[in-house]
Amino acid sequence: MIDKWRKIVSGEDRSHAGLLMLCVLGVLSCFYRFAVWLRNLLYDKGLLKISKANHPVISVGNITAGGTGKTPLTIELCRLLVGKGYKPAVLTRGYASDSGFADEPEEIKLACPSAKVYVNPDRAKAAREAETQSGCDIFILDDGFQHRRLARDLDIAAVDAGCPFGYSRLLPAGMLREPIKNISRADCIAVTKCETAGEKEIENIRSRIRSYNSFAPIINLRQRLVCFTSMEGQKSKLKSLKDKRAFVFCGLASPESFLENISRSGIKITGKKIFKDHHIYTPEDLEFILSASANSDIIVMTRKDFMKVSRIADSPGWEEFRQKAGYFDLSLEFIDGFGRLEDLLNELSR
């Protein structure tokens, strides 16, 4: 269903049925646009209450739906803040499946164990809880650009270089969560996944951002695979996996960057299976993956998928899967703008 919607909103589906559906979605997006405008107006006029935390708040969010690299950016910020002596707490909505498992908070805990993670759709309430329980001294508001109920001291908006402006249409006719011009609220803009776009494309993205926000620093980031961690806990350097045959699977909103990074590392992708974002794996899924990877040396997933898969594969009977499967640790590489971001972080303590 998601794939069909993407083909329609991207213009890939030019059939009569696809064009008709796009018109219907366009009408629905008008109602969505009004709701977004009204909500922002109420916050701008002070008619909806904005809570203030007792510690600095950094918001990481975006203006488009889907994976723009918010979670890796949140993790990188945690690491930077810990390195500066802070005790960060991450406030996240924690999108959960029907089973109640929220994958992204678990991924953040695994990647940055020094940070406390609080899961609550009401991030203002989560901040109050964290202040009394964790001894934290700074908050990171995960997926917070639209969550205006909690005041923030630094607002970072992530823009995916692969699909930066959501086909310039609001949901459900496009991928925009609010109009592009609202990026003017951001204090810093991170162009993520720059490995998926050329220099000219990135420059065009920056120029368009500047037409809406003339003051915020723009930083360019690319994702980089660091090492391979097996389900048995063994770590392998990337160069040791060159020419290995890999079956790749993931449940991501935008898997293109992940797949491209694997290909660039010299690993040969012999097969792949893309599941929907936040997919909760079943034993049948793992049986399929194990069968499909018969001619592969390794099975590769993301850290996000590992959190869910391990709930099954840690049980008896999955030894073959555990021996063959693992995930890539991912890091963010600052192409430029790191100094500007550091300046903004340093200002929080003044």
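Below is a table of values for the structure above.
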item	result
Cβ crowding within 10 Å averaged over residues, with 189-197, 176-184, 259-267 ranked highest first	189-197, 176-184, 259-267
Sites Ser240 and Lys7 - FRET efficiency at Förster radius 30 Å, r taken between beta-carbons, to 0.05	0.20
Theoretical gain in end-to-end length, Ile269 to Ile50 [0.36 nm per residue, Cα-Cα removed]	74.0 nm
Sequence-separation-based contact order of the chain, relative, with Cα cut under 8 Å and 6+ spacing, percent	18
Spin-label pair Ala151/Ala35, simplified geometry with 7 Å Cα→Cβ offset, distance in nm	2.9
The chain - Rg (one decimal) and Dmax (whole number), Cα, Å	20.7, 61
Cβ-based charge dipole, the chain, positive-most Cα from Ser331, Ala115, Leu19	Leu19
Of Glu203, Glu284, Glu129, the one that fluctuates the most in a GNM where the chain has Cα springs shorter than 10 Å	Glu284
Cα centroid of region 214-252 to Cα centroid of region 1-40, whole Å	33
Table column - 3J(HN,Hα) (Hz), region 51-57, Karplus curve with 6.51, -1.76, 1.60, x for Gly and Pro	8, 10, 7, 7, 10, x, 10
Accessible area expressed per residue, the chain, with surrounding protein chains retained (probe 1.4 Å, Å²)	47
Any cysteine of the chain lacking a neighbouring Cys Cβ under 4.7 Å - listed by number	Cys23, Cys30, Cys136, Cys163, Cys188, Cys194, Cys227, Cys250
Arg311-Glu342 FRET efficiency (beta carbon distance; Förster radius 41 Å; 0.05 resolution)	0.60
Long pairs among Lys272/Lys304; Lys70/Lys268; Lys109/Lys193; Lys272/Lys324; Lys237/Lys268; Lys84/Lys324, criterion Cα-Cα beyond 26 Å	Lys70/Lys268; Lys84/Lys324
Of all accessible heavy-atom area on the chain, the percent that carbon and sulfur account for (1.4 Å)	52
Simple spin-label estimate for Ser114 and Leu259 in nanometres, 7 Å along Cα-Cβ	3.6
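The values are calculated or read from the model by the stated rules, or taken from the named source; none is laboratory data. Computed from a predicted structure; not experimentally measured. Every residue, glycine as well, gets a Cβ built from its backbone with ideal geometry; the counts of neighbours run over all protein chains shown. Just so you know, the surface numbers come from the protein's heavy atoms only, side chains and all, with ligands and any DNA or RNA stripped out. Shrake-Rupley method; radii C 1.70, N 1.55, O 1.52, S 1.80 Å.
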